[in-house]
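The values are calculated or read from the model by the stated rules, or taken from the named source; none is laboratory data. Source: prediction; values computed, not measured. Because the Cβ atoms are built from the backbone with ideal geometry, glycine has one as well, and the counts that use them run over all protein chains shown. Each accessible area value is taken on the protein alone, full model and side chains, heavy atoms only, with ligands, DNA and RNA left out. Shrake-Rupley method; radii C 1.70, N 1.55, O 1.52, S 1.80 Å.
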Amino acid sequence: MSLRLEWNNEQEEFAISDELIAKLRELLVLAGQSENVTDGEVALTFVDDAEIQRLNKEYRNLDKPTDVLSFAMQEMGDDEIEIIFDEEDFSESDLEDVKRLDEETDSAEAEEEEFEEPLGDIIISVPRAIAQSEEYGHSVERELGFLFVHGFLHLIGYDHQSEEEEKVMFGKQEHILQQAGLVR
């Protein structure tokens with residue numbers, strides 16, 4: 001098992017090169033090693049400002065573009081419903097069917113390539129990344145890398161609601177970026 005990056009480009013402002021994707025994969029491995037996360041899949045989507053604004057409004061009730069959004073798959077939010085399975089609610093034949101399907105699934109999975117549990121989705125606004133790279137005086141690749149690592153750390157539970165949390169999270173980001181040679 002390993003960390004895997006799946007990506008999609010839904011914007012036209014900036015060409016997403018094979019070299020950039022290779023660097024993002026390297027960052028994923030470095031960030032995973034740094035945080036002892038060895039398995040999982042991260043889905044990354046590059047979008048424009050209109051799409052990230054739509055998503056920001058829909059999921060965060062903020063009607064403005066932002067640079068990066070993260071949607072973790074491993075956490076249980078306050079508004080999510082936990083699914084509880086109670087065997088007493090099912091007949092004996094239902095339970096036998098479930099057991100048979102589980103056995104079939106187990107044998108099919110053994111034959112297939114290993115499945116990586118999704119860690120979550122990261123959405124990056126490329127126009128925001130370009131503007132921020134100009135503002136901070138570094139490359140677009142460095143800014144995309146920064147936003148990707150930032151999003152990954154959110155996926156695994158980091159936040160920056162307090163000054164102390166921000167210091168820890170941003171310190172981790174900088175360390176990972178430096179390891180990959182993405183310096184300011």
Applying the selection to the stretch 34-57, what residues are open to solvent by 40 Å² or more (accessible area, probe 1.4 Å), farther than 18 Å from Glu117 by Cα and among the polar types (S, T, N, Q)?
Ser34, Gln53
Please name all residue pairs, on different chains or six or more residues apart, with Cβ atoms under 9 Å, provided the first residue is in the stretch 33-60 and is touching a residue at least 40 places away in the same chain (Cβ under 8 Å) and farther than 18 Å from Gln173 by Cα and the second residue is among the aliphatic types (A, V, I, L, M) and part of a helix (DSSP H, G or I).
Gly40/Leu155; Phe46/Val126; Phe46/Ala129; Phe46/Leu144; Val47/Leu55; Val47/Val126; Asp48/Val126; Asp49/Val126
Subset of the stretch 1-33 [small (Gly, Ala, Ser), over 16 Å from the mean Cα position of the chain (by Cα) and over 21 Å from Val126 (Cα atoms)]
none
Within the stretch 131-162, which residues are open to solvent by less than 30 Å² (accessible area, probe 1.4 Å) and of a type in the set (A, V, I, L, M, F, W, C)?
Val140, Leu144, Phe146, Leu147, Phe148, Val149, Phe152, Leu153, Leu155
Do we find that Thr66 is within 11 Å of Ile124 (Cα to Cα) and either touching a His at 6+ places or on another chain (Cβ under 6 Å) or in contact (Cβ under 8 Å) with a residue 12 or more places away in the chain (or both) in this structure?
yes
For the stretch 51-65, how many residues are among the polar types (S, T, N, Q) and under 16 Å from the mean Cα position of the chain (by Cα)?
1
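Residue-by-condition table, conditions (1) among the hydrophobic types (A, V, I, L, M, F, W, C); (2) under 19 Å from Ser125 (Cα atoms); (3) at pLDDT below 95:
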| residue | (1), (2), (3) |
| --- | --- |
| Glu35 | no, no, no |
| Ala43 | yes, yes, no |
| Phe71 | yes, yes, no |
| Asp89 | no, no, yes |
How many of the residues in the stretch 1-48 are part of a loop (DSSP other than H, G, I, E, B) and of a type in the set (S, T, N, Q)?
5
Anything in the stretch 1-32 that is of a type in the set (Gly, Ala, Ser), in contact (Cβ under 8 Å) with a residue 40 or more places away in the chain and surrounded by fewer than 16 Cβ atoms within 10 Å (Cβ to Cβ)? List them, or say none.
Ser2
Please specify each residue of the stretch 172-184 satisfying the condition of being within 22 Å of Thr38 (Cβ to Cβ) and without any contact (Cβ under 8 Å) to a residue 12 or more places away in the chain.
Gln178
